[in-house]
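Right, one structure below, let's go through it.
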Amino acid sequence: MIKKQAFKFLLEPNKGQLFDFLAFAGSCRFVYNKGLALLNENYRSGKKFIGYNQLASELVEWKNEESLSWLKEAPSQCLQQSLRDLDRAFRNFFTGKSQYPKFKKKGRHDSFRIPCQRVRVDQEKKLVSLPKVGWVKYRKSREIIGDLKNATISLNQGKWYISFNTEQTVPDPIHPSDIKTTIVLNNVNSVHLSSGVGGDNTYQAEEKKKLIRLNKTLTRRKKYSKNWLKTKGKIDRVRSKAARIRLDNIHKATTAICKNHAVVEVVNLMDSVSAKNDNTLSMRYEFVRQLIYKQEWLGGEIIRRESKLL
């Protein structure tokens, strides 16, 4: 069995490296959006879909343009990975796995990916070497195990993180339990097992009070003033902390479920969540995603079933 695993760490770049990270993320976003605009125009004109290979040749022409010569400052592999992401997004759309690709916005999910051939890791010194950046410190919390496939550098709440994606061959696992359970995803905040056990992933009461108070303060501030930006930053930090708490709760719940049950049936009540509730949909997706890979690692089985509310 091939076990895929990611190891995420906080980076500690200097000022020059911070500038490079922002520039590389911006270049990758620009290439993604320019490729998407080209594909949209191509679709409107009735032409055939342009795949990654053709987009890669377009990238070479873009970099040779005088007005876009700044693209050469970013590693070429990062820009190519952006076009691969765009190609994958369209293929997922064609197969019904996702919605039509959207343009990326500055400040939202800024990131770039580097193939393993251009990344070197010194775990003893807690350093990682990145192309056109050099050696960068990272906060090592555990050993990186497996063969490195790629590294993704991402920005979250003003801090840069690196995620090492690895693969390793392990013996086929045998689940220690023989119990089956059914999980009903029935509303916005809760998950119920057939055994009667429930899990709550709501905001903490303190976070709710803070958000209400800060949002009231924000409405009294002049938009984009120093005090408005300061209050907006506080709101973002509270929401970020609440998101981390939700993710931690999901990890604890899915780990406990998978360790104690060999077969897990997931029943999704399709009409229980509004299509506009992106936060709930993302939580539900993350919950099921974790169940799938954790059961695979433990040798268990996942059964997915759709059901409608009566």
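The values are calculated or read from the model by the stated rules, or taken from the named source; none is laboratory data. Quantities reported herein were computed from a predicted structural model and do not represent experimental measurements. Methodologically, a virtual Cβ is constructed for each residue, glycine included, from the backbone with ideal geometry; neighbour enumeration extends over all protein chains shown. Remember, those area values only see protein heavy atoms, side chains included, never the ligands or the DNA or RNA. Shrake-Rupley method; radii C 1.70, N 1.55, O 1.52, S 1.80 Å.
Normalising by the residue count of segment 72-161, find the relative contact order in percent from Cα pairs under 8 Å and 6+ residues apart. Spell out each step's value before the answer.
Values: 88 pairs, mean separation 23.3, N = 90.
For segment 72-161, the relative contact order is 26 percent.
Just reorder 133, 266 by solvent-accessible area, largest first, 1.4 Å probe, all chains present. Write down the numbers at each step before the final one.
Working: 133 25, 266 5 Å².
Output order, biggest surface exposure first: 133, 266.
When only C-alpha pairs under 8 Å and at least 6 residues apart count, what is the relative contact order of the chain, in percent? Could the numbers behind the result be given before it?
Working: 422 pairs, mean separation 55.9, N = 310.
Here the relative contact order equals 18 percent.
Could you calculate the contour length gain from residue 230 to residue 205, that is, 0.36 nm times the residue separation minus the distance between their Cα atoms, to one decimal place in nm? Could you put the intermediate results ahead of the total?
On the way: separation 25, 0.36 × 25 = 9.00 nm, distance 2.28 nm.
Between residue 230 and residue 205, full extension yields an extra 6.7 nm.
Starting from a Cα-only point model with no solvent, please compute log10 I(q)/I(0) by Debye for segment 50-181 at q = 0.12, 0.17 1/Å.
With no solvent term, the Cα-only Debye profile gives -0.67, -1.12.
Accessible surface of residue 108 in the full protein assembly, 1.4 angstrom probe, to the nearest 10 Å²?
150 Å²
Relative to the longest principal axis of the C-alpha atoms of the chain, give the angle of the C-alpha long axis of helix 15-44, reported between 0 and 90° and rounded to the nearest 10°.
So the helix axis and the longest Cα principal axis differ by about 80 degrees.
What pairs in 15/106; 125/294; 106/232; 216/252; 106/223 have C-alpha atoms more than 27 Å from each other? Can you show the working numbers first?
On the way: 15/106 20 Å; 125/294 31 Å; 106/232 17 Å; 216/252 34 Å; 106/223 19 Å.
Distance filter (> 27 Å) returns 125/294; 216/252.
Can you tell me the dipole magnitude for the chain around its Cα centre, using point charges on the Cβ only (Lys, Arg +1; Asp, Glu -1), in Debye to the nearest 20?
On the way: 60 positive and 30 negative charges, 378 e Å.
That gives a dipole near 1820 debye.
Between rounded, prolate and oblate, where does segment 129-190 land on the alpha carbon gyration tensor, with a ≥ b ≥ c its root eigenvalues, rounded for a/c under 1.5, else prolate if a/b exceeds b/c? Write down the numbers at each step before the final one.
Working: a/c = 3.45, a/b = 1.57, b/c = 2.20.
The shape class here is oblate.
For residue 223 and residue 40, what is the calculated FRET efficiency with R₀ set at 25 Å and r taken between the beta-carbons, to the nearest 0.05? The partial results should precede the final answer.
Numbers: r = 32 Å, r/R0 = 1.28.
In this case the efficiency is close to 0.20.
Quote to one decimal, in nm, the extra length available between residue 241 and residue 132 on full extension: 0.36 nm per residue of separation minus the C-alpha distance between them. Numbers along the way, then the final one.
Values: separation 109, 0.36 × 109 = 39.24 nm, distance 3.26 nm.
This chain segment gains 36.0 nm when fully extended.
Tell me which of 144, 79, 49 sits at the most positive position along the dipole axis of the chain, charges placed on C-beta atoms (Lys, Arg +1; Asp, Glu -1).
79
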